[in-house]
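Visitor: A single structure is presented below for examination.
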Amino acid sequence: MHNARSRTITAGVERTPNRAMLRAVGFGDADFDKPIVAVANGYSTLTPCNMGLNILTERAVTSLKNAGTMPQVFGTITVSDGISMGTEGMKYSLVSREVIADSIETVCQAQSVDGLLAIGGCDKNMPGAMMAIARLNLPSIFVYGGTIKAGHYNAQDLTIVSAFEAVGQYCAQRLNEKELLEVERRACPGAGSCGGMFTANTMSSAIEALGLSLPFSSTMAAEDDEKAESAARSGEVLAAAIRRQILPRHILTRKAFENAIAVVMAVGGSTNAVLHLLAIAHAADVPLALDDFEDLRARVPVLCDLKPSGRYVTTDLHLAGGVPQVMKMLLAHDRLHGNALTISGQTLAEVLKDIPSEPRADQDVIRSWANPIYPQGHLAILRGNLATEGAVAKITGVKNHRITGPARVFDSEETCLQAILSGAIKRGDVIVIRYEGPKGGPGMREMLAPTSAIIGAGLGDSVGLITDGRFSGGTYGMVVGHVAPEAAVGGAVALIDEGD
């Protein structure tokens, strides 16, 4: 794909109409020789994840102007996975990733820009922007909107998953109506993406590991001043990358993707990282396969004690040293490619040179290398008679790695959730939710409502779940998703009968 350059605007009298249009949006005579930077702003009040992005956009725009570029802002969509979860609306979630990627690519190519600064918060903004960045191959940087701060109730940190699990607790009579309402009121106290190591914070961590966002930026709180300062600094770094012509495909190499996978394993990230990293790699023409995740899982321990299955939220990880601390530990033990390039022009090893090789002793969010949460990664790639093309299991928080029991078969998420909340699912059952894949759903919905209801009912260690749909980053337990081939295209999961 070619990359037109805005500086062609100066190439002769035939460009006069273009100049006239640009004067109307603020260009003066001295501005036509400056690089034009597209600023893709995912701002929306639909979701707390994106409601703070205008502030970051303003800071980035000011920084880009001060750095001698001409930033031009446009909007791109977002949907809230948390709000659409458990409804028909969730069928649009994964599709929105493609819409976001296409919209960013469309604007940047149509307007012949010189660089791209993309700002996003909710789950699909991040991989969508990264897919566009990979396709465009213009100097680019990603600015994460930041994580939400934890809510608090009964001396417990709350996240949005707390509200989903509270529904299961209430239906199992483990929580009364007043307590349920208090959890709902307090779970999301302000702006920012869902607060555990769920999909948004997993992808922000992965993008930092890929080298296309600034150090420490992936775990900053949305409402803290340092997040706005990081957005401003991102504008400066992008302007320098445009001058030096540091391109995404210089950065998005096979080594970079291996680094991202290693970080996802170490922080205990979302199963969605598998399909998103595969899509970004495809957009960048980098060979990456499902089995690469399993290869890296065998070599990378889970180092961070983070929700959904752990104790801490992402702001706690930030205070403990953030993703740079995790990466430095991986680098020190030869699990990270230190010579991978970042958007600043530095290698990862150079970025991490002042970070200690072991975490501070006054915290226990990041474990020492000798004392990991799990000795191997938590995202297991499984194959078998039900998943000849593969499936993804998230095995954090799982006490039993094997279950045998009667199949409880459901052809939609809704019918399964009703069964769980009514008490029809018993210990030892293996739930099968099918026809929720990419084609069968359509849209490959996330099964957070059923899995949270299982946890809330106290069945997390005794009930298994298999689906051709996806899981939220907030899901944990004895669950296997992404089963392929899916039921709708003739996968064996379609042949399971009730009671098998």
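The values are calculated or read from the model by the stated rules, or taken from the named source; none is laboratory data. Bear in mind the structure is a predicted one, so any value in this text is a computation, not a measurement. Note: ideal-geometry Cβ built from the backbone for every residue, glycine included; neighbour counts use all protein chains shown. Keep in mind that these areas ignore ligands, DNA and RNA; they rest on the heavy atoms of the full protein, side chains included. Shrake-Rupley method; radii C 1.70, N 1.55, O 1.52, S 1.80 Å.
Visitor: Which numbered condition trips up R402, out of (1) part of a loop (DSSP other than H, G, I, E, B); (2) surrounded by 20 or more Cβ atoms within 10 Å (Cβ to Cβ)?
Guide: (2)
Visitor: Also, I was wondering about something else. So, in region 1-38, of the ones that are at pLDDT 90 or above and touching a helix residue (DSSP H, G or I) at 6+ places or on another chain (Cβ under 6 Å), which residue ends up nearest to G115 (Cα to Cα)?
Guide: Per the criteria, the residue is V37.
Visitor: Please count how many residues of region 341-352 are touching a helix residue (DSSP H, G or I) at 6+ places or on another chain (Cβ under 9 Å) and in a loop (DSSP other than H, G, I, E, B).
Guide: Residues that pass the stated criteria total 5.
Visitor: Could I ask something else about it? I'd like to verify a number: residues in region 158-175 that are assigned to a helix (DSSP H, G or I) and either farther than 13 Å from G195 by Cβ or among the β-branched types (V, I, T) (or both), how many?
Guide: 10
Visitor: Please enumerate the residues belonging to region 33-47 that are more than 24 Å from Q109 (Cβ to Cβ) and either among the basic types (K, R) or in contact with a Cys (Cβ under 6 Å, 6 or more places away or on another chain) (or both).
Guide: Hit for region 33-47 is T47, nothing else.
Visitor: Take the conditions buried (at least 24 other Cβ atoms within 10 Å of the Cβ), touching a residue at least 60 places away in the same chain (Cβ under 8 Å), within 21 Å of I160 (Cα to Cα) and under 23 Å from the mean Cα position of the chain (by Cα) and apply them to G473. Does it pass?
Guide: yes
Visitor: Right, G423: open to solvent by 10 Å² or more (accessible area, probe 1.4 Å) and at positive phi or not?
Guide: So G423 passes the test.
Visitor: Restricting attention to region 22-47, which residues are open to solvent by less than 40 Å² (accessible area, probe 1.4 Å) and within 23 Å of I100 (Cβ to Cβ)?
Guide: Of everything in region 22-47, those that are open to solvent by less than 40 Å² (accessible area, probe 1.4 Å) and within 23 Å of I100 (Cβ to Cβ) turn out to be I36, V37, A38, V39, A40, N41, G42, S44, T47.
Visitor: How about region 290-337: which helices (runs of 4 or more DSSP H) wholly inside it have at least 2 residues that are closer than 20 Å to H276 by Cα and free of Cβ contacts under 8 Å to residues at least 24 places away in the same chain?
Guide: By residue number, no helices (runs of 4 or more DSSP H) qualify.
Visitor: Then there is this: Given V143, V161, which one is within 14 Å of the chain's Cα centre (by Cα), more than 16 Å from L317 (Cα to Cα) and of a type outside the set (F, W, Y)?
Guide: Only one candidate passes the filter, namely V143.
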